[in-house]
Number of protein chains: 2
Amino acid sequence: MPDVVQKASEEIVTAGLLIIGDEILSGRTADKNIAYIASHLTAIGIQLQDVRVVPDEEDRIIEAVNTMRSRYSYVFTTGGIGPTHDDITADSVAKAFQVAIEVDPRAVAMMRERYAPERLTEARLRMARIPEGADLVDNPISRTPGFMIDNVVVMAGIPSIMQVMLDAVSSKLRTGKKMLSASVQVNAPEGDIAPVLADVAASFPDVAMGSYPFFKDGRMGAHLVLRAMDLVELEAAEKALRAELTEHNLLS
Amino acid sequence: MPDVVQKASEEIVTAGLLIIGDEILSGRTADKNIAYIASHLTAIGIQLQDVRVVPDEEDRIIEAVNTMRSRYSYVFTTGGIGPTHDDITADSVAKAFQVAIEVDPRAVAMMRERYAPERLTEARLRMARIPEGADLVDNPISRTPGFMIDNVVVMAGIPSIMQVMLDAVSSKLRTGKKMLSASVQVNAPEGDIAPVLADVAASFPDVAMGSYPFFKDGRMGAHLVLRAMDLVELEAAEKALRAELTEHNLLS
């Protein structure tokens, strides 16, 4: 939607999402965080523009963090902040920012609410290692915090914990104008809809129109999705699209 | 797993995956293709090393295709090859390769098996546009083909159609040594497991060990996953890990 983005660029807040974990790339674990984070960011007025999945490898994490943090208003990461030897996200993010990383007394204090002193082992204290200059992101479930350094938000990979961290950090984020959307379901193949859709799309340059085909019970159909910043424009475009589809006997 | 990858690099076949679609980034559609493709590639001996999700924007698609095709043995793309105005994947891939793109008689012939001549409209013929030098990838469900150009495989976004295309192309791909894996479930927090796991991991440098925590019914646990090219090494590592966990009363 280049037209929409360019027109309102002063008000657009963008994000990149970095999913860190060998288990997603091997297929062992099906990611559940992309869809949740995408919906959440859209709802609060942040446009997710890029998602990457990388393995638990330092150079890959550093490259992705540095590329994305220079391109987008915010970068969110999930995964790799646990206590085991393969959890290298916090150290990699510190290296990306070229800052020190040490056990953070604020993080230790949070973890004391959950762990008795004898359970705050060396392995668990690894989770309290926070890059210099970062703010902590609260984790009401298991207490071990995430963190935010500059425009990079580092969260857990476990969906339920990632979700409470995302809630905790959201109120601190700058948000932009919300993208509004409307959807029209058509039970006809995209090939029949395409000319009508292209015509209506050409008449509403500030409304992005996408067609998302589905295939169900041997029949093709499509969800036509209209997205715009301006409600009046959006409603006018939806009305025009429905009228044209009806005219061509494509709306059942 | 840098050790594993370096040791057997002659035999490693790698892949990048590019998911193309605004609808994934807005959260409107939850991606189902990453996990399927990751599992499929792992099973046939191709290591997925990178996943990216980009919007339906030409420059973003071109950049991702060109970056990934130079880095990995294969690149797979999903989405954006339908008949509507927002389907720009085939044109973008042609631009990435700097080759022409035209309606391909082979693709038209395939589509004739499904569409009567009067239904092969201009919009549908858009789907027969194939970059010069590409081979077609068969689509037994709806006939409209995907294609493979050099090391880039372009597939549909609808999961059922992507899956038959992936099956159709798999026999034509070079595959490498398969990564083998074993899994041990531990119903204890990762913080208790970490020292044991780190010790065993240090003793088996050719076996990658990952810990994937879960949080269920208020309790923490972890799946410990061992991955290696060599079955004897893998089994020895799993045996050693189970023995050490038992010794520390961590295997219930």
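The values are calculated or read from the model by the stated rules, or taken from the named source; none is laboratory data. As the structure is a computational prediction, the values presented were derived from the model and not from experiment. Note that we place each Cβ from the backbone using ideal geometry, even for glycine, and neighbour counts take in every protein chain shown. Accessible surface areas use protein heavy atoms only, side chains included; no ligands, DNA or RNA. Shrake-Rupley method; radii C 1.70, N 1.55, O 1.52, S 1.80 Å.
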When region B:188-213 is checked residue by residue, the ones that are under 30 Å from the mean Cα position of the chain (by Cα) and either assigned to a strand (DSSP E or B) or in contact (Cβ under 8 Å) with a residue 60 or more places away in the chain (or both) are B:P205, B:D206, B:V207, B:A208, B:M209, B:G210, B:S211, B:Y212, B:P213
**Message:** If I filter region A:63-81 for residues that are aromatic (F, W, Y), open to solvent by 10 Å² or more (accessible area, probe 1.4 Å) and in a helix (DSSP H, G or I), do I get at least one hit?
**Reply:** no
Expected single match for modelled with pLDDT of 95 or more and within 13 Å of chain A (Cβ to nearest Cβ) among B:A15, B:A94, B:A90, B:A100 is B:A15
Checked region B:82-107 for anything part of a helix (DSSP H, G or I) and either acidic (D, E) or open to solvent by 20 Å² or more (accessible area, probe 1.4 Å) (or both); matches are B:D91, B:K95, B:F97, B:P105, B:R106
Checked region A:214-241 for anything under 21 Å from A:D199 (Cα atoms), part of a strand (DSSP E or B) and out of contact with any Ser or Thr (no Cβ under 9 Å at 6 or more places or on another chain); matches are A:G221
Within region B:50-62, the count of residues that are aliphatic (A, V, I, L, M) and open to solvent by 10 Å² or more (accessible area, probe 1.4 Å) comes to 1
Quiz item: Out of all the residues in region B:39-49, is one or more farther than 17 Å from B:L166 by Cα, without any contact (Cβ under 8 Å) to a residue 60 or more places away in the chain, facing chain A (nearest Cβ under 9 Å) and open to solvent by 20 Å² or more (accessible area, probe 1.4 Å)?
Solution: yes
Worksheet item: Do we find that A:L224 is open to solvent by less than 50 Å² (accessible area, probe 1.4 Å), on the phi < 0 side of the Ramachandran plot and not assigned by TED's automatic domain parsing to the domain that holds A:A109 in this structure?
Response: yes
Residue match in region B:63-78 (condition: acidic (D, E) and in contact (Cβ under 8 Å) with a residue 12 or more places away in the chain):
no
Of the conditions (1) touching a Gly at 6+ places or on another chain (Cβ under 6 Å); (2) within 13 Å of chain A (Cβ to nearest Cβ), the single one that B:P140 does not satisfy is (1)
Within region A:145-172, the residues that are acidic (D, E) and not in a helix (DSSP H, G or I) are A:D150
Within region A:113-143, residues being exposed (fewer than 14 other Cβ atoms within 10 Å of the Cβ) and among the basic types (K, R) number 1
